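To start, the structure under review is shown below, and the notes come after it.
The values are calculated or read from the model by the stated rules, or taken from the named source; none is laboratory data. Nothing here was measured: the structure is a model prediction, and the numbers come from that model. Cβ coordinates were reconstructed from backbone atoms using ideal geometry, including for glycine residues, and neighbour counts include every protein chain displayed.
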Amino acid sequence: MLLPGFYDFCCRVRIVSGENALEKIPAMLKKMKAHTPLVVTDKGVVGAGLVDVVRDTVGKELEIVNVFDNVPVDSDYKIVDEAAKIYRQKKCDSIIAIGGGSVIDTA
């Protein structure tokens, strides 16, 4: 397959990081009219208690009930399909990724 001479790809992704970033998430989701996020993460992040930290902080304004923590190192399309299935089943309207490279790629 040959690539065209010009290629343009636009993917609307917002990355929020830094001091007080968690406190900003509910307002950002509200602005997007999103109420049912899917948290995408891995078992290490869950084991470290970081999902609980997010839930405790964001949960004051937004209930986090849907967590997909089956992201392995170097995840592939099968994991993305699995997460997408849960996203659709739970009628999610946004994604919060908590973790590093594979988690963000999967989300």
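When region 91-107 is filtered for residues that are in a loop (DSSP other than H, G, I, E, B) and surrounded by 15 or more Cβ atoms within 10 Å (Cβ to Cβ), the ones remaining, listed by number, are CYS92, ILE98, GLY99, ALA107. Is it fair to say GLU61 is modelled with pLDDT under 90 and of a type outside the set (A, V, I, L, M, F, W, C)? So GLU61 fits the description; yes. In region 64-80, of all residues being at pLDDT below 95 and within 21 Å of GLU23 (Cβ to Cβ), the one that is surrounded by the fewest Cβ atoms within 10 Å (Cβ to Cβ) corresponds to VAL65.
ALA34 fulfils the conditions (1) part of a helix (DSSP H, G or I); (2) crowded, with 16+ Cβ neighbours inside 10 Å except for a single criterion, (1). Screening the candidates ALA48, ALA21, ALA83, ALA27 for the property of being of a type in the set (Gly, Ala, Ser) and surrounded by 17 or more Cβ atoms within 10 Å (Cβ to Cβ) yields one hit, ALA83. When restricted to residues that are assigned to a helix (DSSP H, G or I) and either more than 13 Å from ILE25 (Cα to Cα) or of a type in the set (S, T, N, Q) (or both), region 54-83 contains 8.
Residue selection: SER94 satisfies the criterion of being of a type in the set (Gly, Ala, Ser) and in contact with a His (Cβ under 9 Å, 6 or more places away or on another chain).
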